[in-house]
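Worksheet: the structure to be examined is printed underneath.
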Amino acid sequence: MAHLVAARLKGGDIAGDGSTLDIVVGTSDGEEHTLTLPFDQAVWLSQALLSLTNELHERQTAHGSALRTPHLDAAMIAEGVQINLNETASAALIQIVGRRDPQAPLGSGSFRIDGAERLRAFATKCLEVADKMTPSSLPS
């Protein structure tokens, strides 16, 4: 089995039909390699990386090589939200990507809401909370 040590990730591209993801990796000797992943493997890789980054950060912090995060149990600060509809299951999957604090690695969370009425209730509650926020508390 070949062992490739990446000096840096140089970029990526998604196939026009969304079936594959290409990741371009640069090595310390100046070579470039492209890793092509089918969609399901790209999703698996994303989930694996996100689940491992918190442990990686914890280990670095324990060894003094990373900035200690003061609020490890704090709620995630969302940087991105995606809502996907599964029409056959009449359910919505809500995925959130964010950080516990500015120095923490990216993480993700997801939850499923079954049925249109529950999803409407969730959306209504989100709007009610947003309406109560002062303009200065809203992100710009």
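What follows draws every value from the coordinates through simple rules; no lab data is involved. Predicted model, so just to flag it, every value in this text is computed and none were measured. Here the Cβ positions follow ideal geometry from the backbone for every residue, glycine too, while neighbour counts run over all protein chains shown.
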Once you keep just the Cα pairs under 8 angstrom separated by 6 or more residues, what percentage relative contact order results for region 70-134? 26
Pull out the extension gain between M76 and A7, defined as 0.36 nm times the separation in residues minus the alpha carbon to alpha carbon distance; nm, one decimal. 21.9 nm
Mean-square fluctuation check for the chain, GNM, Cα pairs under 10 Å: which of L56, L45, L35 is largest? L35
In degrees, nearest 10, range 0 to 90: what is the angle between the Cα axis of helix 116-132 and the longest Cα principal axis of the chain? 90
Where does each of 111-118, 26-33, 90-97 land if you order them by average Cβ count within 10 Å, highest first? 90-97, 111-118, 26-33
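Using only the C-alpha atoms of region 1-68, find the volume of their convex hull and express it per residue in Å³.
Convex hull of Cα atoms, per residue: 131 Å³.
Where does the chain land at 222 nm, in deg cm²/dmol rounded to the nearest 500, when only DSSP H runs of n ≥ 4 count, each adding -39500 (n - 2.57), divided by all residues?
Here the helix-only value at 222 nm equals -10000 deg cm²/dmol.
Is the shape of region 70-134 best called rounded, prolate or oblate, per the rule: a/c under 1.5 gives rounded, else a/b larger than b/c gives prolate, else oblate, with a ≥ b ≥ c the square roots of the Cα gyration tensor eigenvalues?
oblate
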With a cut-off of 8 Å between alpha carbons and a minimum separation of six or more residues, what is the relative contact order of region 1-68 in percent? 20
Which of the three applies to the chain, rounded, prolate or oblate, going by the alpha-carbon gyration tensor with a ≥ b ≥ c and a/c under 1.5 meaning rounded? oblate
For region 1-138, what is the relative contact order in percent, using Cα pairs closer than 8 Å and at least 6 residues apart in sequence? 14
